[in-house]
Amino acid sequence: MPPIGTNIALGLQIENHKTIVAQIANELGGFQQAAQYLNKCLYYVYIGTNNYSLNYFQPELYNTSGTYNPEEYAQVLIDELSIYLHVALQTSVRANSANNGSCVEELNDVEAIFSEKLKSLVDQSNTLYVDSKSIFINTTAIRIDGSLGFRVFASSCCPIKSDGFCIRDSIPCTNRNEYIFYDGMHPTLAANNIIASLVYDSTSNPEVTYPTDIKRLAQLVI
């Protein structure tokens, strides 16, 4: 499988953010003013799925699954994320949501190990950084079925290649609101709207967020 594309590592993303924070501080007259401004922000981190679908479950490209069992690999990811999360929380991050989610059963099984460790990391962060709040979002707990208007569950809206992405210049389906997946991995807009609604307010399905949802996170006075 050819490379998916250029990725910006999480560590570099945080370094870029620190540069932006410095620029904001310069614009507003100091880091204290920048911190007050950034206190209004919500930082969203989507992590885990690609580490598994595009690495752990690609033994022909990576030896990760031969080096680590699922428990060990989950801990490696958590240890690395913990370092970056602490750096981010020390750089004016006050509200943060960490999301892990996939839609393939085998992938879900191993990611469940990662998810439990991620919840523990959220607890640790909330204990260590009392002036910031983090939550965990588990989109694997969301079940989308025909009662919501969807009719196609196992096929993608666009014709896909072996890597799960759409064939270039192919014609997608015209009834995409009835599909859960646009390509082999990514939900359609219709499915994402349902996911976003539950992530924002998970009252109807508390398993989706921990320890609270985005709606109540935004209402907290930090």
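The values are calculated or read from the model by the stated rules, or taken from the named source; none is laboratory data. All figures in this text were calculated on a predicted structure; none of them were measured in a lab. No Cβ is skipped: glycine too gets one built from the backbone with ideal geometry, and neighbour counts run over all protein chains shown.
Of the helices (runs of 4 or more DSSP H) entirely within the range 1-91, those holding at least 3 residues that are farther than 22 Å from residue 115 by Cα and outside the structural domain of residue 192 (by TED's automatic domain parsing) occupy 10-28, 31-38. Considering only residues that are within 30 Å of residue 88 (Cβ to Cβ) and buried (at least 19 other Cβ atoms within 10 Å of the Cβ), look in the range 140-173 and name the one that is modelled with the lowest pLDDT. For the range 140-173, the residue satisfying everything is 140. Listed by position, the helices (runs of 4 or more DSSP H) contained in the range 104-222 that have at least 1 residues being of a type in the set (Ser, Thr, Tyr) and not assigned by TED's automatic domain parsing to the domain that holds residue 77 are 189-200. Could you list, in sequence order, the residues of the range 142-161 that are in contact (Cβ under 8 Å) with a residue 40 or more places away in the chain and touching a strand residue (DSSP E or B) at 6+ places or on another chain (Cβ under 9 Å)? Across the range 142-161, the qualifying residues are 144, 150.
For residue 52, indicate whether it is modelled with pLDDT of 90 or more and closer than 30 Å to residue 168 by Cβ. It is false that residue 52 is modelled with pLDDT of 90 or more and closer than 30 Å to residue 168 by Cβ.
Look at residue 133 and say whether it is at pLDDT 90 or above, more than 17 Å from residue 47 (Cα to Cα), of a type in the set (Lys, Arg) and touching a Leu at 6+ places or on another chain (Cβ under 9 Å). Yes; evaluated as a whole, the condition is true for this residue. Got at least one residue in the range 196-211 being aliphatic (A, V, I, L, M), closer than 16 Å to residue 152 by Cβ and surrounded by 19 or more Cβ atoms within 10 Å (Cβ to Cβ)? Checked the range 196-211: no residue is aliphatic (A, V, I, L, M), closer than 16 Å to residue 152 by Cβ and surrounded by 19 or more Cβ atoms within 10 Å (Cβ to Cβ).
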